[in-house]
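Below you will find the structure I want to go over with you.
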Amino acid sequence: MSRDLEEYLRQEVKTTPFCPGCGHGILMGLVLRAIKGLDLDMDQVLFVSGIGCAAWIPSPHFAADTLHTLHGRAVAFATGAKLFRPELTTIVISGDGDLASIGGNHLIHAARRDIDLTVICANNMIYGMTGGQLASTSPLGARTSTSPRGNPWRPFDLCRLMEAAGASFVARFSVTQPLSVIEAIKRAIQKPHFAFVEVLSPCPTQFGRRNQMASPAEMIERLREICVMKEEAEGLGAKELEGKIVTGVFVDA
Ligand code: SF4
């Protein structure tokens with residue numbers, strides 16, 4: 001982590017548990033850059049995470065109060081915390097398996113209630129920490145430890161799900177679009193309603209090695225190829241958009 005972010009980190013925790021090449025390390029830096037950009041007082045910020053690799057982004061690293069909760073229950077804990085201490089900026093950071101699969105019901109109802117939470121979903125399209133199982137976000141045809149012949153089902157489009165559930169701010173970017181991620185997180189935190197930011201984050205260990213992307217560099221390159229900005233996508237046909245992931249801000253109500 002670069003020196004200008006040192007003040008946001010617990011000095012006694014100097015290493016992360018992430019595999020080499022994991023996108024979560026990049027996302028960790030981007031979250032802190034957004035916090036720094038807004039000049040937030042870390043004593044007034046509460047970070048909540050569930051279980052999984054992404055849940056280790058805030059806890060134990062960030063020099064703030066962090067709640068590391070049960071698998072799938074980060075949004076439920078954050079809802080309770082927000083009701084009890086509404087003055088705190090409450091930010092949930094967790095993975096797609098935790099937030100959208102196991103905890104999917106908490107997520108859609110928090111969006112429906114439009115509670116003042118910022119939810120950052122690190123989407124690596126697989127269950128990373130628990131062994132590379134198929135997630136509700138795994139792409140069609142993706143090989144995982146529980147779908148060795150390829151995923152037969154369509155994945156959730158998390159941003160469309162959040163928009164339909166009533167979230168006031170919805171955005172998706174990839175760690176290969178770092179400035180856009182920082183800007184989206186800043187806007188989400190400033191929104192006094194339910195804000196959802198999906199960040200595509202490569203998992204070379206569980207996803208890449210099963211899907212012909214053995215090296216972290218190949219995963220980053222692939223993300224660069226498939227991500228298309230919303231404005232650009234509007235001018236493309238269905239055929240050209242096949243296999244692409246549209247990124248941008250989808251809702252800013
Ligand atoms: S298993 Fe995947 S998501 Fe988890 S730390 Fe390793 S690369 Fe990152």
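The values are calculated or read from the model by the stated rules, or taken from the named source; none is laboratory data. Worth saying up front: this structure is predicted, and the values here are computed from it rather than measured. Neighbour counts run over all protein chains shown; Cβ positions are idealised from the backbone, glycine included. With ligands, DNA and RNA removed, areas are computed over all heavy atoms of the protein, side chains included. Shrake-Rupley method; radii C 1.70, N 1.55, O 1.52, S 1.80 Å.
Check S180 against each of (1) closer than 14 Å to G248 by Cβ; (2) within 16 Å of the ligand (Cβ to nearest atom); (3) surrounded by fewer than 23 Cβ atoms within 10 Å (Cβ to Cβ); (4) among the small types (G, A, S) and name the one condition it does not meet.
Answer for S180: the failing condition is (2).
Let me ask another. Being among the hydrophobic types (A, V, I, L, M, F, W, C), in contact with a Leu (Cβ under 7 Å, 6 or more places away or on another chain) and within 16 Å of the ligand (Cβ to nearest atom) is true for just one of L107, L134, L99. Which residue is that?
Only one candidate passes the filter, namely L99.
Here's another thing I want to ask about it. Among the residues of region 197-215, is there at least one that is surrounded by fewer than 21 Cβ atoms within 10 Å (Cβ to Cβ) and within 14 Å of the chain's Cα centre (by Cα)?
The answer is no, given that none of the residues of region 197-215 is surrounded by fewer than 21 Cβ atoms within 10 Å (Cβ to Cβ) and within 14 Å of the chain's Cα centre (by Cα).
Taking interchain pairs and intrachain pairs at least six residues apart, which have beta carbon atoms under 8 angstrom, with the first residue in region 112-141 and on the phi > 0 side of the Ramachandran plot and the second among the charged types (D, E, K, R) and at pLDDT 95 or above?
These pairs meet every condition: M125/D96; G132/R210.
Which of the residues belonging to region 113-131 are touching a Gly at 6+ places or on another chain (Cβ under 8 Å) and either within 16 Å of the ligand (Cβ to nearest atom) or closer than 14 Å to G52 by Cα (or both)?
Listed by number, the residues that qualify are C121, A122, N123, N124, I126, Y127, G128, M129, T130.
Give the residues of region 43-58 that are crowded, with 24+ Cβ neighbours inside 10 Å and not in a helix (DSSP H, G or I), sorted by residue number.
Selection gives F47, V48, S49, G50, G52, C53, I57, P58.
For region 103-131, what are the residues that are under 25 Å from G208 (Cα atoms) and crowded, with 21+ Cβ neighbours inside 10 Å?
Kept after step one, since they are under 25 Å from G208 (Cα atoms), are these residues of region 103-131: 103-104, 120-131.
If the condition is that a residue be under 25 Å from G208 (Cα atoms) and crowded, with 21+ Cβ neighbours inside 10 Å, then G103, I120, C121, A122, N123, N124, M125, I126, Y127, G128 are the ones that fit.
Could you say which residue among V31, V92 is open to solvent by less than 60 Å² (accessible area, probe 1.4 Å), outside any loop (DSSP other than H, G, I, E, B), in contact (Cβ under 8 Å) with a residue 60 or more places away in the chain and within 17 Å of I189 (Cα to Cα)?
Just a single option satisfies the conditions, and that option is V31.
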